[in-house]
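Here's the structure, in structure tokens; my notes come after.
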Amino acid sequence: MTVKSFESLKNNQVFFYDISAFPQLWTDKKFSMNNIPREQNGLFICVEGEIEYKTDDCVLKVKSGDIIYLPKGSKYTVYFGTDASPVTSYLINFSMKDNDGELIFYDKPQKLLSSADYLTKSFKQIAFVFSSANNCSFEIQSHLYRLFNKILSQKYTIQNETFPDAITKAVALLEDYRNLSISEIADKCAVSETYLRKSFKKYLNISPNEYRIKTRIEKAKNLLLNSEMSVKEITYLLGFYDEAYFYKIFKAETGLTPKQYKTEN
């Protein structure tokens, strides 16, 4: 079994098989995979609540809308929630291989996307197909390929365990669609604006405002292709000032207007 990066999906032919999918409701506060390592790969989306994945050398904090990859063979303990509220989620288990044989993307749990609530529908669809009486392997495979393609289209992946706490908090604020200024975000993160800007360049090779714009445009692209929302609805959902401004920023990033992008893709 080989370990490859998630981004290698773009250039490799990967075959998914032995796929299963389930909705989950967690009322217990702890679950361990330390004694029995994962038998398959897992793709997990948190629908409601807060979760922590703990391994020997890291802690991965998960909130609603986060998508997590759980590699085959990994060991971890999961802690669900900080209060009495249940945690809900969807889990897809699968095996995969390429021309080199069976593979995994990483050797420990990894966050693939933040604030990806709009992909919950895709997880639900796969779980529905799996549970249906006429479960067809070709159909469930096609849905999983489409889901991976949507995830790959998000180029600016955040993996919280690799960043200082202030940068992690700043990223969450930038993805929150409130139009806070960079100085306001720095204040909320208890750091100077200069430190925040330099840290974004260091860790993400991009400015805070560029990160905010690119993240929103990536989500807009997904909503245009995978939802029934109008351009006006997407404009205000993602915190743009008005449609004209959204059109201007979208075309600057993609070379197309939102309507052209939807038509041509």
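Hey, among the residues in segment 194-223 that are of a type outside the set (S, T, N, Q) and open to solvent by 70 Å² or more (accessible area, probe 1.4 Å), which one's nearest to PHE246 (Cα to Cα)?
GLU210
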>> I'd like the full set of residues that are under 25 Å from LEU147 (Cβ atoms) and open to solvent by less than 20 Å² (accessible area, probe 1.4 Å), limited to segment 232-265.
In response: ILE234, LEU238, PHE250, PRO258
>> What's the number of the only condition in (1) in contact with a helix residue (DSSP H, G or I) (Cβ under 8 Å, 6 or more places away or on another chain); (2) modelled with pLDDT under 90; (3) not small (Gly, Ala, Ser) that VAL87 fails to meet?
In response: (1)
> Cβ-Cβ below 8 Å, separation at least six or inter-chain, first residue in segment 119-147 and of a type in the set (S, T, N, Q), second open to solvent by less than 20 Å² (accessible area, probe 1.4 Å) and assigned to a helix (DSSP H, G or I): which pairs?
Replying inline: SER122/LEU147; ASN135/VAL129
> Looking at segment 99-117, which of the residues that are of a type in the set (D, E, K, R) and either in contact with a Leu (Cβ under 9 Å, 6 or more places away or on another chain) or open to solvent by less than 20 Å² (accessible area, probe 1.4 Å) (or both) is farthest from PHE130 (Cα to Cα)?
Replying inline: LYS108
>> If I ask for residues that are hydrophobic (A, V, I, L, M, F, W, C) and surrounded by 15 or more Cβ atoms within 10 Å (Cβ to Cβ), which ones from segment 33-57 would you list?
In response: MET33, LEU43, PHE44, ILE45, CYS46, VAL47, ILE51
>> Any residue that is more than 30 Å from ALA170 (Cα to Cα), β-branched (Val, Ile, Thr) and open to solvent by less than 10 Å² (accessible area, probe 1.4 Å) - is there at least one of those in segment 144-152?
In response: no
> How many residues are over 19 Å from ALA116 (Cα atoms) and either assigned to a loop (DSSP other than H, G, I, E, B) or touching a Pro at 6+ places or on another chain (Cβ under 7 Å) (or both) if we restrict to segment 57-79?
Replying inline: 8
>> Go through (1) among the polar types (S, T, N, Q); (2) surrounded by 13 or more Cβ atoms within 10 Å (Cβ to Cβ); (3) free of Cβ contacts under 8 Å to residues at least 40 places away in the same chain for SER181 and report which single condition fails.
In response: (2)
> Which condition does LYS169 not pass, out of (1) outside any helix (DSSP H, G or I); (2) open to solvent by 60 Å² or more (accessible area, probe 1.4 Å); (3) under 23 Å from VAL62 (Cβ atoms), if it passes all the others?
Replying inline: (1)
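Check every one of the helices (runs of 4 or more DSSP H) wholly within segment 190-254 and list those with 3 or more residues that are modelled with pLDDT of 90 or more and of a type in the set (A, V, I, L, M, F, W, C).
243-254
The values are calculated or read from the model by the stated rules, or taken from the named source; none is laboratory data. The shown structure was predicted, so the numbers you read here are calculated from the model rather than taken from an experiment. Note that we place each Cβ from the backbone using ideal geometry, even for glycine, and neighbour counts take in every protein chain shown. What goes into the accessible areas is simple: the full protein's heavy atoms, side chains included, and nothing from ligands, DNA or RNA. Shrake-Rupley method; radii C 1.70, N 1.55, O 1.52, S 1.80 Å.
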